[in-house]
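What follows draws every value from the coordinates through simple rules; no lab data is involved. Computed from a predicted structure; not experimentally measured. Ideal geometry is used to build each Cβ from the backbone, glycine not excepted, and the neighbour counts take in all protein chains shown.
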Amino acid sequence: MGPISIAIVAVRHSVGAVLRFSIATLGLGLLASACLVDSDDPCGDALVKNAAGACVCPKGQVPNGPACAPCGENERVSGGQCVCENGFSRASPTASCAPVSEEPGCSGSECPAEGECASSANCAAPMLCDRYGTRQCVEPPVGLGQACASDADCAGTDATYCEVYFSLTCLIQGCKEDGGRCPGDMQCCDLSILNRSLCVGIEALTDGACPAPGVNVARDDRE
């Protein structure tokens with residue numbers, strides 16, 4: 001049988017030090033591309049098929065533009081995102097993973113007071129930094145990052161959307177309708193391609209911006 005045209009969608013994300021997703025996904029870079037593939041080998045040489053039948057990056061690699069790229073030193077893949085290995089953390093979303101015993105670099109108002117966190121990079125996985133509240137490391141919402149095959153597996157938790165294209169994990173949705181509020185220091189991203197908004201971890205952001213085609217939703221803490 002000759003080649004057929006199919007759409008390949010890869011979404012990545014992250015949460016806390018372990019799941020900072022993170023859709024483009026989620027991610028959370030959210031990639032959508034159409035290409036010609038052989039029906040007998042739809043994923044081609046660069047991708048592999050996951051349990052849901054989607055074409056995704058091989059083990060140890062994450063989406064990087066139109067291709068896949070391996071994680072760096074002291075990193076591993078979690079939720080479709082390169083995150084720090086246990087015992088390592090980042091001083092900022094773009095910093096390298098360093099032993100948690102080392103004091104994270106910061107300057108001026110970015111430096112947290114003693115006993116406080118500046119970002120989830122300062123917290124042990126999978127905790128999040130309560131940036132807009134106590135500035136303490138707190139447990140993530142119930143269900144966030146939980147393995148799933150469909151939304152039914154996420155039902156009854158705080159993370160009710162199952163991201164089935166890449167990570168097969170439960171994510172928090174509907175943040176746009178909730179004033180752009182997300183747990184910890186996660187960013188609310190409006191993803192029109194998915195017809196929903198999702199909370200994305202800091203490591204999936206680029207200079208604070210949601211992965212394209214996601215759009216930042218301004219946070220409004222007014223009741």
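Given just the C-alpha atoms of the stretch 125-223, how large is their convex hull per residue in cubic angstrom? Don't jump to the answer; show the numbers that get you there.
On the way: hull volume 10.7 nm³, N = 99.
Cα-based convex hull of the stretch 125-223, divided per residue, equals 108 Å³.
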Placing each pseudo-label 7 Å from Cα in the direction of the beta carbon, Ala149 and Asp45 end up separated by a distance in nanometres of 3.3
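For the pair Ser192 and Asn216, what calculated FRET efficiency results from E = 1/(1 + (r/R0)^6), where r is the Cβ-Cβ distance and R0 = 22 Å, to the nearest 0.05? Please report the intermediate quantities before stating the final value.
Working: r = 13 Å, r/R0 = 0.59.
E between Asn216 and Ser192, to the nearest 0.05, is 0.95.
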Karplus-derived 3J(HN,Hα) from phi for the stretch 179-185 (6.51 cos²θ - 1.76 cosθ + 1.60, θ = phi - 60°), whole Hz, x at Gly and Pro, runs x, x, 7, 10, x, x, 10
